[in-house]
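To start, the structure itself, in C-alpha cells.
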Amino acid sequence: MNLLKNKAFLITLVIAAIWTIVAIIFVGKYFRERADRERMENNLAASNKQIEYYETENGQLAARTDALQLHNDELKQLYPEIMAELKNLKIPARRVENYSETVIHHDKEIVTKLRDSLLYDTVPVKVFNYQDEFYKVSGIAIADTQKVHIESTDSLIQVVYRGERYKPWLWIFSRRKLQQSIVSKNPNSKIVYARQIKIEK
C-alpha cells in the first residue's frame, strides 16, 4: 500500500514537473514573440520619423534620430542597398553589429577679391584665395575659363545611446529607445539624413 502511494506521488510529481516545464517554455516563447512584435512596431515608427534638430549647449545644430533594431535576415529583406554596400566593403553581413549612414549638406557663400597676376610671365590672369577653419578655396581665371580648387574639413560627432522612453507615462516601466545624436563641427553643414541600425544577433 505504501509502495503504491509512493508510486502515485512520484507519477504526480513527474506530471507536475512536465507541466511546469511546458508552461515555462510557452511563457518564455510568448514573451519573446511579444518583445519581437514590439521591436518591429518601434522599427516601423522610427523609420517613418523625421530627423529632430536641437541646439547643443555651445550653440551648434545637432540632429537626433531613433535607431532601428533589425536581425540580419530582416536587414537583407528591408535594405538590400545596405547589403550591397557591405559586399562592396568586403564585410560579411553576419559580422556587422551596427550600421550608420549620414548625409550632410554644405552651404557657404564665399566672397573674396580677385587679384591681377601673370601666368608664365606673359598671360594676364586673375587669382583668388580664401581660407577659414573649415574651407580652403583657391582659383584662377584665364580669359573665359575659371579653375577652382576647394578643400573642406569637417568633424562629425555621433553618439548612440539609450534615450527617451517609448511610453514616458509608464516612467521606469517603459524601456528606453536606442537613439543617435549627430553634430557637425562645421557651422555651414546641415545633417539632412541619418540612419542607425543595430544588428540583433
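In table form, for the structure just shown:
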quantity: The stretch 1-95: relative contact order as a whole-number percent, Cα under 8 Å and 6+ apart; calculated: 15 percent
quantity: Percentage relative contact order, the chain, counting C-alpha pairs under 8 Å, at least six apart; calculated: 26 percent
quantity: Calculated FRET value between ASP73 and ARG165, using beta carbons and R₀ = 35 Å, to 0.05; calculated: 0.75
quantity: Contact order normalised by residue count of the stretch 133-201, Cα under 8 Å, 6+ apart, percent; calculated: 24 percent
quantity: Neighbour-limited loop hits for GluC sites (Glu not before Pro), the stretch 16-116 (at most 10 other Cβ within 10 Å; DSSP other than H, G, I, E, B); calculated: GLU57, GLU97, GLU109
quantity: Reachable lysines from LYS76, criterion Cα separation under 18 angstrom, eight or more residues apart if same chain; calculated: LYS87, LYS90, LYS198, LYS201
quantity: Neighbour cut-off at most 11 other Cβ (10 Å), DSSP loop, trypsin sites (Lys or Arg not before Pro), the stretch 1-84; calculated: LYS49
quantity: With Cα atoms, 0 to 90° folded angle of helix 2-48 axis to the chain main axis; calculated: 20 degrees
quantity: Nearby lysines by direct alpha-carbon distance to LYS136 (threshold 30 angstrom, same-chain neighbours under 8 apart not counted); calculated: LYS108, LYS113, LYS126, LYS147, LYS185, LYS190
quantity: Additional length obtainable on full extension of the chain from MET83 to GLU151, 0.36 nm per residue less Cα span; calculated: 21.4 nm
quantity: Dipole of the chain, positive direction: furthest Cα of ALA143, PRO187, PHE128, with charges on the beta-carbon; calculated: PRO187
quantity: The stretch 154-200 versus the stretch 36-63: alpha-carbon centroid distance in Å; calculated: 6 Å
quantity: Candidates SER174, SER189, SER100: whichever shows maximal mean-square fluctuation once the chain is modelled as a Gaussian network with Cα springs under 10 Å; calculated: SER174
quantity: Taking only Cα atoms of the chain, radius of gyration then Dmax in Å; calculated: 30.1, 124
quantity: Given charges at Cβ of Lys, Arg, Asp, Glu: the chain dipole, positive-most of THR102, ILE51, PHE26; calculated: PHE26
quantity: Cα centre as origin, Lys/Arg/Asp/Glu Cβ charges: the chain dipole, Debye; calculated: 1420 debye
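Laboratory data are not the source of any read-out in this text; all were calculated from the coordinates shown. Here the structure is a predicted model, which is why all the values come from computation and not from measurement. Cβ coordinates were reconstructed from backbone atoms using ideal geometry, including for glycine residues, and neighbour counts include every protein chain displayed.
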